[in-house]
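For reference, the structure is listed below as structure tokens.
The values are calculated or read from the model by the stated rules, or taken from the named source; none is laboratory data. Because the structure is a prediction, the values reported are computed rather than measured. Cβ placement follows ideal geometry from the backbone for every residue including glycine, while neighbour counts extend to all protein chains displayed. Keep in mind that these areas ignore ligands, DNA and RNA; they rest on the heavy atoms of the full protein, side chains included. Shrake-Rupley method; radii C 1.70, N 1.55, O 1.52, S 1.80 Å.
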Amino acid sequence: MDSGINTSSRLNPQARCPLQRNFLPKNTSSKENPERFIPNRSAMDFDYAHFQLTEGRNEKDEATKVRSSPSREAYRKQLAETMNLNRTRILAFRNKPQAPVQLLPREHSVYSLYQQPKSVKPRRYIPQNCERALDAPDIVDDFYLNLLDWGSANVLAIALGRTVYLWDASSGSVSELVTVDEDMGPVTSINWAQDGLNLAVGLDNSQVQLWDSVASRKVRTLKGGHQSRVGSLAWNSHILTTGGMDGKVINNDVRVRSHVVKTYRGHTLEVCGLKWSESGQHLASGGNDNLVHVWDCATTRSLHRFEEHTSAVKALAWCPFQSGLLATGGGGEDRTIKFWNTRTGACLNSVDTGSQVCSLIWSKKERELLSSHGFTQNQLTLWKYPSMVKMAELNGHTSRVLYMAQSPDGCTVASAAGDETLRLWNVFGVPEDAKKAAPKAVPQPFSNVNRIR
């Protein structure tokens with residue numbers, strides 16, 4: 001019976017056996033003895049070898065004679081380990097393997113490129129409460145009006161009934177600019193010129209007044225353009241564009257006597273939103289007819305007519321970091337924010353916010369969009385663009401947040417609502433000059449009065 005064992009391997013000295021090293025065939029030349037191992041002198045420590053062969057053995061013999069305490073034995077072992085005296089080999093037959101050659105520094109190697117952790121931008125802190133809440137009595141609770149604006153000279157203007165008030169954010173002072181006659185008011189719209197010194201005031205009687213805020217005097221009155229109230233205004237250099245309840249959009253050159261220089265016709269109901277693009281070449285208008293028009297500055301031709309909203313469109317905002325991108329918000333029955341490529345006319349995205357969209361403001365520093373809303377939560381919502389993920393919801397108003405305005409530094413937003421309150425929110429970060437300068441006592445707005453007026 002075959003046992004499976006090869007008996008010939010016992011007779012063959014060159015046969016392979018388990019657990020044995022496989023050497024090259026022996027060289028029978030008389031010039032070399034294959035059984036001799038030559039130590040590598042460069043890898044040996046002769047002093048330590050001599051000590052181990054002579055004195056080391058004597059110490060071990062003495063240690064066996066004298067029984068040491070456990071603490072003494074532990075100390076001896078620790079000392080031997082520290083002094084590298086636990087080595088047992090005396091002869092060395094090969095060198096230590098050389099360290100691998102590194103062609104590039106580790107910080108520049110391909111491996112390090114994949115292993116380095118990605119730098120994560122810290123999440124910005126967004127205060128959930130407003131910095132200041134102020135009374136704004138007699139503010140008109142009308143979705144189609146525009147009664148709040150913040151100028152480039154850091155002065156906030158707000159219309160309360162028939163009176164326009166100015167708050168200088170630098171000094172904290174409050175002043176009354178104008179109170180119109182009862183047969184002319186109430187004030188239905190306000191808008192600062194780019195210089196931050198001249199303020200346009202739209203009235204319920206279809207007129208528009210221009211005021212010098214520094215001298216507190218009326219410069220001129222624009223008449224004859226509209227047949228009903230002027231609810232929206234927008235400056236483009238020396239051109240003041242007005243939108244009225246009559247559905248007309250008019251360009252007024254404030255330098256000349258005959259100020260009406262161009263009329264855009266496309267809306268059938270009240271024009272409640274106007275915004276010029278950053279370049280000043282395109283004008284967006286929104287109306288109570290649920291339409292959004294994009295107009296060419298050079299002509300009276302409508303470049304695009306967007307009909308996708310199902311309610312009045314008052315909220316308009318041109319993107320500051322992407323040319324040709326327009327955000328629009330619909331009223332109570334629509335509740336959506338839509339994004340448009342005004343070069344092609346395509347709708348890029350539509351987001352259902354769940355409530356009436358009253359106003360939109362882009363951040364000047366981040367890819368973020370702030371919206372104000374009406375029923376049911378009356379909140380401000382901060383969105384991350386383009387994902388449109390909610391970053392924060394700011395609550396405090398008890399009625400629909402009809403108006404918003406952004407400070408010149410882009411950090412603070414003022415909101416006014418039908419609950420007759422004005423609130424300041426530090427929603428877009430801290431101003432650059434505030435980061436560099438030491439903290440100072442900043443005078444509170446309207447600190448000398450309990451009410452705005």
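General observations
- Boolean, Thr299 is exposed (fewer than 15 other Cβ atoms within 10 Å of the Cβ), more than 24 Å from Gly374 (Cα to Cα) and among the hydroxyl-bearing types (Ser, Thr, Tyr): yes
- Take the conditions (1) at pLDDT below 95; (2) touching a Pro at 6+ places or on another chain (Cβ under 8 Å); (3) farther than 21 Å from Ser372 by Cβ; Ser170 misses just one of them, which is (2).
- The residue of the range 109-131 that is nearest to Trp235 (Cα to Cα), among those that are modelled with pLDDT of 90 or more and open to solvent by less than 80 Å² (accessible area, probe 1.4 Å), is Cys130.
- Of the residues making up the range 214-231, those that are open to solvent by less than 70 Å² (accessible area, probe 1.4 Å), of a type in the set (A, V, I, L, M, F, W, C) and free of Cβ contacts under 8 Å to residues at least 40 places away in the same chain are Ala215, Leu222.
- In the set (1) surrounded by fewer than 16 Cβ atoms within 10 Å (Cβ to Cβ); (2) part of a loop (DSSP other than H, G, I, E, B), the condition left unmet by Leu348 is number (2).
- Some residue of the range 285-307 being under 23 Å from Asn198 (Cα atoms), more than 24 Å from the chain's Cα centre (by Cα) and either basic (Lys, Arg) or not in a loop (DSSP other than H, G, I, E, B) (or both): yes
- Flag if Trp425 is in a strand (DSSP E or B), free of Cβ contacts under 8 Å to residues at least 60 places away in the same chain, touching an Asp or Glu at 6+ places or on another chain (Cβ under 9 Å) and surrounded by 16 or more Cβ atoms within 10 Å (Cβ to Cβ): no
- Among the residues of this structure, Tyr385 counts as one that is in contact with an Asp or Glu (Cβ under 7 Å, 6 or more places away or on another chain) and of a type in the set (Phe, Trp, Tyr).
- Any pair with Cβ under 8 angstrom, 6 or more apart, that starts in the range 390-418 at a residue that is at positive phi and free of Cβ contacts under 8 Å to residues at least 60 places away in the same chain and ends at one that is open to solvent by less than 10 Å² (accessible area, probe 1.4 Å) and of a type outside the set (A, V, I, L, M, F, W, C): Gly410/Ser363
- Of the residues making up the range 323-342, those that are closer than 17 Å to Arg400 by Cα and surrounded by fewer than 23 Cβ atoms within 10 Å (Cβ to Cβ) are Gly332, Glu333, Asp334, Arg335, Thr336.
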